[in-house]
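I have placed the structure first, in the form of structure tokens, so that the comments after it can refer back to it.
The values are calculated or read from the model by the stated rules, or taken from the named source; none is laboratory data. Just so we're clear, the structure is a prediction, and the values are computed from it rather than from any experiment. Here the Cβ positions follow ideal geometry from the backbone for every residue, glycine too, while neighbour counts run over all protein chains shown.
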């Protein structure tokens, strides 16, 4: 690499670092300011052995804070998380599954919209056509995902069709060992999806978790059709089950081959109620379906 090229990279790194530091300071100032901060962080400020308003001047200075304890997110009142600077905004509360007791809560104003608007720009229009309708095959109830996928569909000019799925009931069935009931509930959820897809709603895009996508493809095959034949061309799939092995199985076995052969584009993502959304670059057989 030439000296000029090395200098350019160093300048880009310096610029990125400066922007990160600037953003860090801006956020800390906002959250610990008496006029804009939330009751939770303003109370925490009094417990710190430093003043975040004067002693956080870079991203590295965040190390001065103790580790965040996610147990703080359990229970209420959730308004302790609402910043004074946003207290007049419409407020949403999203919850985790609650499998270990009281669910953890996340208070949100607009970030679930922004996340998915940014994500929208990574979707190829050829397979996620603007104006197309969507199927949301995932958890409903007090979760960020349903509203976020609905907003994604609307942002792209479409309408989102949702099924009714309660993952907390699924967890209870598993804990009780009611596996027959669990299988029936799975069928109930997939039947809803099949009904929507075969009702003439012109749905071309969808969200599904890996397990539900697998079950949907199987159910369609049992009915003599396929995910392609019902019109799906773009699939946004997310969940912690994603592995290169499952992705290979999905693309090669369920879809019948890579995008250029099957006509179906899938974008793997990772996300949950608390952290939001992170999408992968396109996965390929050449990279052994690595998700990154």
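Details
- Any hit, region 210-219, residues being part of a loop (DSSP other than H, G, I, E, B), more than 25 Å from the chain's Cα centre (by Cα) and either under 24 Å from residue 143 (Cβ atoms) or assigned by TED's automatic domain parsing to the domain that holds residue 125 (or both): no
- Filtering 159, 174, 163 for residues that are in the same structural domain as residue 131 (by TED's automatic domain parsing) and surrounded by 17 or more Cβ atoms within 10 Å (Cβ to Cβ) leaves a single hit, 163.
- Tally, over region 165-199, of residues that are farther than 20 Å from residue 95 by Cα, touching a residue at least 24 places away in the same chain (Cβ under 8 Å) and not in a helix (DSSP H, G or I): 1
- Here residue 55 qualifies as free of Cβ contacts under 8 Å to residues at least 12 places away in the same chain, in contact with a helix residue (DSSP H, G or I) (Cβ under 9 Å, 6 or more places away or on another chain) and farther than 30 Å from residue 203 by Cβ.
- Scanning region 78-97 for residues that are out of contact with any strand residue (DSSP E or B) (no Cβ under 8 Å at 6 or more places or on another chain) and either closer than 24 Å to residue 175 by Cα or not assigned by TED's automatic domain parsing to the domain that holds residue 32 (or both) yields a single hit, 97.
- Residue 144 being in contact (Cβ under 8 Å) with a residue 60 or more places away in the chain, farther than 22 Å from residue 281 by Cα and either loosely packed, with under 14 Cβ neighbours inside 10 Å or in contact with a strand residue (DSSP E or B) (Cβ under 7 Å, 6 or more places away or on another chain) (or both): yes
- Only helices (runs of 4 or more DSSP H) whose full extent lies in region 1-64 are considered here, and the ones with at least 3 residues that are surrounded by 10 or more Cβ atoms within 10 Å (Cβ to Cβ) and within 32 Å of the chain's Cα centre (by Cα) are 3-31, 39-45.
- Lone qualifier among 131, 75 - being on the phi > 0 side of the Ramachandran plot, exposed (fewer than 14 other Cβ atoms within 10 Å of the Cβ), free of Cβ contacts under 8 Å to residues at least 60 places away in the same chain and not assigned by TED's automatic domain parsing to the domain that holds residue 150: 75
- Scanning region 240-258 for residues that are crowded, with 19+ Cβ neighbours inside 10 Å and part of a loop (DSSP other than H, G, I, E, B) yields 242, 255.
- Residue list for region 206-255, restricted to those being in contact with a strand residue (DSSP E or B) (Cβ under 7 Å, 6 or more places away or on another chain) and over 23 Å from residue 290 (Cα atoms): 216, 231, 232
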